[in-house]
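In what follows, a single structure is set out as structure tokens and then discussed.
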Amino acid sequence: MRHLRVPSDQTQVWLHRCRQEGWLSKASVLQLDEGMRGIPLLDEAPDDEDERWQGHSIVQREPKQQGPSHWTDRLPTPLRALPHEIWPSAYEIQGDVLMVKLEADAWEHQHAIAQAMLDQLPNVRIVCADKGVTGDFRVRELTTLASRDGTLSTRTRIREHGTAMWVDPSEAYFSARLSTQRQDTLERLQSFRQQLGRALVVADPYAGVGPALPLLLAEPDLLSGYLVGDLNPKAVDLLTLNLATWSAKHETDLSPSLLVCDDARAWQHDPSRRGFADALLVNLPHDSLTHLPALLPILNQAEQRLLRGWAIIERAALAQTKEDLITMIEGTGATAESVEVEEIKGFSTTRCFIAFNAILAWK
Ligand SMILES: C[S@@+](CC[C@H](N)C(=O)[O-])C[C@H]1O[C@@H](n2cnc3c(N)ncnc32)[C@H](O)[C@@H]1O
């Protein structure tokens with residue numbers, strides 16, 4: 001069957017075009033050589049040399065028939081007769097690592113589940129059982145169930161907002177679910193930059209692998225410097241790797257450009273970190289509010305400063321949290337020009353995940 005050979009990032013565009021023109025066959029898209037895909041064509045599609053292919057070549061390949069639509073359809077036949085509730089209804093993929101939570105009934109079928117998932121999802125390299133996050137570093141307890149190529153590392157590269165980032169769910173915290181928060185951070189820093197009329201120094205002392213940073217670094221003239229760090233040395237290794245790539249694209253030198261492995265509460269005692277930041281991110285949701293008094297000295301206590309953080313609180317304490325933030329801000333001698341506390345999502349029946357945003361002003 002004829003296939004149109006296109007770069008993988010143009011697959012959706014050409015699929016759409018071929019479907020609209022009535023040229024698309026029902027067979028599956030093929031993975032061709034490095035970074036190329038083959039779009040299956042009907043006989044009615046234009047000749048190989050037609051200019052409507054815009055210079056893309058046509059190759060002959062065996063058609064790949066559509067496979068099952070769900071991984072459970074790939075389980076061995078006897079298992080498919082079991083009640084559907086046994087099988088996990090959700091999983092999470094970071095890069096080429098798939099993490100799945102298994103209920104007690106599913107454990108005895110762990111290898112069949114993992115193999116069915118590998119068969120269904122060609123971009124997954126390793127399937128792990130996810131027993132949840134543990135400890136202060138919020139890393140996942142993962143057990144490998146199957147690996148496509150025998151490699152067991154859970155270090156992998158993901159893309160977010162168009163930027164590649166190294167992550168390792170068994171070594172450092174990362175959640176793709178917070179990507180809209182990171183977009184929001186960019187927007188808030190952009191408007192704060194306009195307010196101050198100059199580029200900003202941002203501090204992210206609970207940076208993890210650094211997901212807040214690429215959007216900020218990519219924005220021209222937004223940052224003049226950064227102070228970032230994490231207490232987890234393995235997160236700092238990934239952060240170092242990521243920052244080296246992101247900073248290489250930056251045209252101007254940023255100062256300060258500091259990366260530390262340290263307890264955020266200790267930053268206030270280091271003269272190279274105390275009083276340097278114009279904007280402070282506080283992302284340790286279980287403890288953000290208790291740590292905050294030790295973090296505010298990181299801000300340069302002059303004119304206006306921006307504080308943005310995330311916390312898990314009792315829903316009934318939403319109003320009280322705003323009052324607590326004002327008290328903490330005033331405790332530094334600043335005025336709280338604005339304080340917003342916004343519920344992002346429910347966390348349990350009584351607790352919720354919030355974002356807080358404040359503008360502090362020192363006279
Ligand atoms: C919820 S994660 C946030 C990570 C990152 N900002 C993100 O959005 O993916 C909290 C991070 O704080 C780190 N951490 C925990 N306690 C810390 C402390 N006392 N000082 C600095 N970092 C800490 C953890 O290792 C973890 O990477």
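Rule-based calculations on the coordinates, nothing more; no lab input. Keep in mind the model is a prediction, meaning the values are calculated, not measured. Note that each Cβ is placed from the backbone with ideal geometry, even for glycine, and that neighbours are counted across all protein chains shown.
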Item checked: Summed side-chain charge close to Ser348 - residues other than Ser348 whose Cβ falls under 12 Å, Lys, Arg +1, Asp, Glu -1 -> +2
Notebook entry, point to check: Label 7 Å along Cα→Cβ of Asp221; the range 184-215 residues with amide nitrogen under 15 Å?
Noted result: 190-200
Checklist line | Positive minus negative residues near Val133 (Lys, Arg vs Asp, Glu; Cβ under 11 Å) | finding: 0
Notebook entry, point to check: What are the GluC sites (Glu not before Pro) within the range 31-118 that DSSP puts in a loop, where the Cβ has at most 14 other Cβ atoms within 10 Å?
Noted result: Glu34, Glu44, Glu49, Glu103
Notebook entry, point to check: Let a ≥ b ≥ c be the square roots of the eigenvalues of the Cα gyration tensor of the range 266-363; is it rounded (a/c under 1.5), or, if not, prolate (a/b larger than b/c) or oblate?
Noted result: prolate
Next item on the list: Note down the nm distance, to one decimal, between modelled labels 7 Å out along Cα→Cβ at Ser89 and at Arg157.
Entry: 3.6
Next item on the list: Quote the FRET efficiency, to the nearest 0.05, computed for Ser8 versus Lys363 with a Förster distance R0 of 45 Å and r equal to the Cβ-Cβ distance.
Entry: 0.20
Notebook entry, point to check: Using the alpha-carbon centroid of each, what span in Å lies between the range 157-222 and the range 1-65?
Noted result: 37
Item checked: Three-way shape call for the range 71-134 based on the alpha-carbon gyration tensor, with the a/c threshold at 1.5 -> oblate
Next item on the list: As a check on your grasp of the helix formula, calculate [θ] at 222 nm for the chain: sum -39500 (n - 2.57) over DSSP H runs of n ≥ 4, divide by the residue count, round to the nearest 500.
Entry: -7000 deg cm²/dmol
Notebook entry, point to check: For the pair Leu32 and Lys345, what calculated FRET efficiency results from E = 1/(1 + (r/R0)^6), where r is the Cβ-Cβ distance and R0 = 45 Å, to the nearest 0.05?
Noted result: 0.65
Notebook entry, point to check: Hey, can you list the DSSP H helices of the chain whose Cα span along the axis is 18 Å or longer and whose average Kyte-Doolittle score is at least 0.0?
Noted result: 233-248, 318-330
Notebook entry, point to check: How do Cys261, Cys352, Cys128 rank when sorted from fewest to most other Cβ atoms within 10 Å of their own Cβ?
Noted result: Cys261, Cys352, Cys128
Check: Normalized C-alpha radius of gyration of the chain, against 2.2 N^0.38 Å?
Finding: 1.20
Check: Sorting Phe347, Phe192 on the 10 Å Cβ count, fewest up front, what's the list?
Finding: Phe347, Phe192
Next item on the list: Quick one: which residues, 5 or more positions from Ile344 or on another chain, have an amide H under 5 Å from its amide H? H modelled 1.01 Å from N in the peptide plane, none for Pro or chain starts.
Entry: Phe353, Ile354, Ala355
Margin query: If the elastic network links every pair of Cα atoms under 10 Å, which of Ala129, Ala317, Ala199 fluctuates the most in the Gaussian network model of the chain?
Written below: Ala317
Item checked: Gaussian network model of the chain, Cα within-10 Å springs - most flexible of Ile312, Ile39, Ile86 -> Ile39
Check: Which net charge results for the neighbourhood of Glu160, defined as the other residues with beta-carbon distances under 12 angstrom from its beta-carbon, given Lys and Arg at +1 and Asp and Glu at -1?
Finding: +4
Notebook entry, point to check: By how many nm would the segment from Thr240 to Glu330 lengthen if fully extended, with 0.36 nm per residue of separation less the alpha-carbon distance?
Noted result: 28.9 nm
Check: What is the calculated FRET efficiency for His111 to Arg274, with r their C-beta to C-beta distance and R₀ = 45 Å, to the nearest 0.05?
Finding: 0.25
Note to self: Give the aspartates and glutamates whose C-alpha is closer than 12 Å to that of Lys131, dropping any in the same chain fewer than 8 places away, or say none.
What the structure shows: Glu103, Glu141
Notebook entry, point to check: By the gyration tensor of its Cα atoms, with a ≥ b ≥ c the square roots of the eigenvalues, what is the shape of the range 1-123: rounded for a/c under 1.5, prolate for a/b over b/c, or oblate?
Noted result: prolate
Item checked: Fraction of beta bridges assigned by DSSP in the chain that are antiparallel (%, nearest 5) -> 70
Next item on the list: Work out from phi, with θ = phi - 60° and the Karplus expression 6.51 cos²θ - 1.76 cosθ + 1.60, the ³J(HN,Hα) of each residue of the range 332-345, listed in order in whole Hz, and give x for Gly and Pro.
Entry: 8, x, 8, 9, 8, 5, 8, 9, 10, 10, 10, 6, 8, 6
Margin query: Just to be sure I understand: with springs between alpha-carbon atoms less than 10 Å apart, which residue in Pro233, Pro88, Pro169 has the highest mean-square fluctuation in the Gaussian network model of the chain?
Written below: Pro88
